[in-house]
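Take a look at the structure below.
The values are calculated or read from the model by the stated rules, or taken from the named source; none is laboratory data. Small disclaimer: the values here were computed from a predicted structure and weren't measured. Note that each Cβ is placed from the backbone with ideal geometry, even for glycine, and that neighbours are counted across all protein chains shown. Just so you know, the surface numbers come from the protein's heavy atoms only, side chains and all, with ligands and any DNA or RNA stripped out. Shrake-Rupley method; radii C 1.70, N 1.55, O 1.52, S 1.80 Å.
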Amino acid sequence: MLSRVWSATLLGIEALRVGVEVDMANGLPATVVVGLPDTAVQESRERVRAAIKNSGFFFPMKRIVVNLAPADLRKEGPSFDLPIAVGMLAASHQFESKIVDDCWFLGELSLDGDLRPVAGVLAIAATAQRLGVKNLVVPADNAREAAVVKGLNVFGFRQLKDVVRFLKYPEDFKAGAIDGEAELAREVVALHDLRDVKGQAHARRALEIAAAGGHNLVFVGPPGSGKTMLARRLASILPKLSFEEALEITQIHSVAGLLRDRGSLVTQRPFRSPHHSASGPALVGGGSFPRPGEISLAHRGILFLDELTEFKRDVLEFLRQPLEDGVVNIARTRQSVVFPAKFTLVASTNPCPCGYFGDSVQDCTCSMQVRERYWAKLSGPLMDRIDLQVRVNRLKPEEITENSLGEASESVRDRVQVAREMAQTRFAGSSLRCNADMQSQELRQWCPLDGRRRGCWRGRFRSWGCRCGRAIGF
């Protein structure tokens, strides 16, 4: 007695189809799972046995071999519980179904037969739709997440016996549907608004330029000058997500298991703020089964590094390649995984260890050698990738006590949206999305300089000790 049902496993943020083959033969009762399963998949034997019995079905007292094909691909996680259970019930002829071959199955089983949600369902749903699969059967708590994918029938269930009933009488069930564009169009109130910022006109201007062009930004200033407050408000002026961007972000968060309440879409740009004690793998991703790190979770959003100089130098060096390429390549012995990492880096730091170098109120107690060692944590190649480096001074007493509010984030975001739309028109037909993506060829095409401005920039480059002038052909 042999049966085969279909499921999938994750490789990075992509999904690969897996065939779950169940063979039953006479012999001493035993269940063997082969095909490079990890510990969670091996333990599915006991969960499936209890779930089948407690759902009102009988568990065959035979020698059962479960093969997860392809056999050379590592399988992990509890999402194979449901396809293994369905395969066992089909192999023991406890139900007859004509649509089982047109379905993919995902889900963790509890001992009483309830279905629990699993991670990565959106990525698997997208792959299923691309491969022409008709139906996806998932736990009810994952149904909204998967239903965002158009052209795929998604059925969510809470118990194993409901899945069997669906396979026997599919005409009695209706696939779920979600209008992703409508969810994305709903207005979300920003938690941090620029109107709360008093003064700091040049810093506010820097935020608007960074948002409009996708430029990386670092604020340098003494304690209490508002660096962190300003940085946290950058998210409130970024343009709204497109549906394609929302799908990308949601897929990454789905793989990481971070979707709040298993909702259908992430409708706000991510804002990730790791602690300065974070390790390199936590920042860029990794592990024996590679998972996205903070920079991938910040894809299409903001990675905020507060107290930049407190991060370890080797950890910050991990950022250089993702900032340049927009992706993270994680190589392992058996596999290589690519995670998207197109984010805007925003950082804040003090100008010196005591924090008061250049302050108009309090004197700095650091020597020149101490300040040099402090800034030596930030390498030249890393700082070259940060377009805007802005000094933020503390406010004057009259600026702090004034009652007037600053310009609201909504007004600034409207201007940013116009600038982004102009950039998309300018770069139509290319992979570029914003000004920060431009390289030498695009700079020569879209930012030509006349003789006077060329001479001005040459003087600037000499005074800054900058080599980028020669790189772009000035």
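Selection within region 1-25: residues that are over 18 Å from P70 (Cα atoms) and not in a loop (DSSP other than H, G, I, E, B). The member of this set that is least open to solvent (accessible area, probe 1.4 Å) is M24.
Just one of the numbered conditions (1) outside any loop (DSSP other than H, G, I, E, B); (2) at pLDDT below 95 is not true of H93: (1). Mind listing whichever residues of region 322-334 are β-branched (V, I, T) and either touching a strand residue (DSSP E or B) at 6+ places or on another chain (Cβ under 6 Å) or assigned to a helix (DSSP H, G or I) (or both)? Hits for region 322-334 are V327, V328, I330.
For region 185-225, the set of residues classified as within 23 Å of N403 (Cα to Cα), buried (at least 22 other Cβ atoms within 10 Å of the Cβ) and more than 23 Å from the chain's Cα centre (by Cα) consists of L194, Q200, A203, S225, listed by residue number. Annotation for region 379-387: at least one member residue is touching a residue at least 24 places away in the same chain (Cβ under 8 Å), open to solvent by 70 Å² or more (accessible area, probe 1.4 Å) and either in contact with a strand residue (DSSP E or B) (Cβ under 7 Å, 6 or more places away or on another chain) or assigned to a loop (DSSP other than H, G, I, E, B) (or both). Whether a residue is modelled with pLDDT of 95 or more and more than 23 Å from the chain's Cα centre (by Cα) was assessed, and D101 does not pass this test.
Is one or more of the residues making up region 265-274 within 30 Å of G180 (Cα to Cα) and assigned to a strand (DSSP E or B)?
Filtering region 265-274 down to residues within 30 Å of G180 (Cα to Cα) leaves 265-274.
Within this subset, residues satisfying the condition of being assigned to a strand (DSSP E or B) are 271-272.
Yes: region 265-274 contains one or more residues that are within 30 Å of G180 (Cα to Cα) and assigned to a strand (DSSP E or B).
Do we have any residue at all in region 236-243 that's touching a Pro at 6+ places or on another chain (Cβ under 7 Å) and under 30 Å from Q439 (Cα atoms)?
Start the filter on region 236-243 by keeping residues that are touching a Pro at 6+ places or on another chain (Cβ under 7 Å), which leaves none.
No: zero hits.
C366 falls short on exactly one of the conditions (1) surrounded by fewer than 20 Cβ atoms within 10 Å (Cβ to Cβ); (2) outside any helix (DSSP H, G or I); (3) touching a strand residue (DSSP E or B) at 6+ places or on another chain (Cβ under 9 Å), and that condition is (3). Against the conditions (1) among the aliphatic types (A, V, I, L, M); (2) in contact with an Asp or Glu (Cβ under 6 Å, 6 or more places away or on another chain); (3) open to solvent by 10 Å² or more (accessible area, probe 1.4 Å), V149 satisfies every one except (2). Number of residues in region 191-234 that are touching a residue at least 24 places away in the same chain (Cβ under 8 Å), assigned to a helix (DSSP H, G or I) and not hydrophobic (A, V, I, L, M, F, W, C) equals 9.
For region 26-44, the set of residues classified as surrounded by 18 or more Cβ atoms within 10 Å (Cβ to Cβ) and either among the basic types (K, R) or assigned to a helix (DSSP H, G or I) (or both) consists of V41, S44, listed by residue number. Candidates are the residues of region 115-139 that are more than 19 Å from V41 (Cβ to Cβ) and in a strand (DSSP E or B); the one that is farthest from the chain's Cα centre (by Cα) is N135.
Going residue by residue through region 63-72, is there one that turns out to be β-branched (V, I, T), in a strand (DSSP E or B) and open to solvent by 20 Å² or more (accessible area, probe 1.4 Å)? Yes, region 63-72 contains a residue that is β-branched (V, I, T), in a strand (DSSP E or B) and open to solvent by 20 Å² or more (accessible area, probe 1.4 Å). Among the residues of region 335-360, those identified as assigned to a loop (DSSP other than H, G, I, E, B), open to solvent by 30 Å² or more (accessible area, probe 1.4 Å) and out of contact with any His (no Cβ under 8 Å at 6 or more places or on another chain) are Q335, P353, C354, Y356, F357, G358, S360. Residues that are in contact (Cβ under 8 Å) with a residue 40 or more places away in the chain and assigned to a strand (DSSP E or B) within region 140-157 comprise just one, F157. Of the residues making up region 47-98, those that are over 36 Å from the mean Cα position of the chain (by Cα) and of a type in the set (S, T, Y) are S55, S92, S97. Tallying residues that are open to solvent by 10 Å² or more (accessible area, probe 1.4 Å) and touching a strand residue (DSSP E or B) at 6+ places or on another chain (Cβ under 6 Å) within region 241-281 yields 4. The sole residue among R371, R420, R433 that is at pLDDT 90 or above, within 29 Å of D193 (Cβ to Cβ), among the charged types (D, E, K, R) and surrounded by 14 or more Cβ atoms within 10 Å (Cβ to Cβ) is R420.
Only one of the numbered conditions (1) in contact (Cβ under 8 Å) with a residue 24 or more places away in the chain; (2) closer than 30 Å to G77 by Cβ is violated by S360, and that is (2).
Among residues of region 165-184 being closer than 20 Å to S242 by Cα and in contact (Cβ under 8 Å) with a residue 60 or more places away in the chain, the one that is surrounded by the fewest Cβ atoms within 10 Å (Cβ to Cβ) is E181.
Inside region 279-306, residues that are under 18 Å from R232 (Cβ atoms), small (G, A, S) and free of Cβ contacts under 8 Å to residues at least 40 places away in the same chain make up a count of 0. Looking across region 275-302, just one residue is in a loop (DSSP other than H, G, I, E, B), hydroxyl-bearing (S, T, Y) and under 18 Å from S336 (Cα atoms), and that is S288. Residues that are under 25 Å from Q268 (Cβ atoms) and out of contact with any strand residue (DSSP E or B) (no Cβ under 8 Å at 6 or more places or on another chain) occur at least once in region 282-293.
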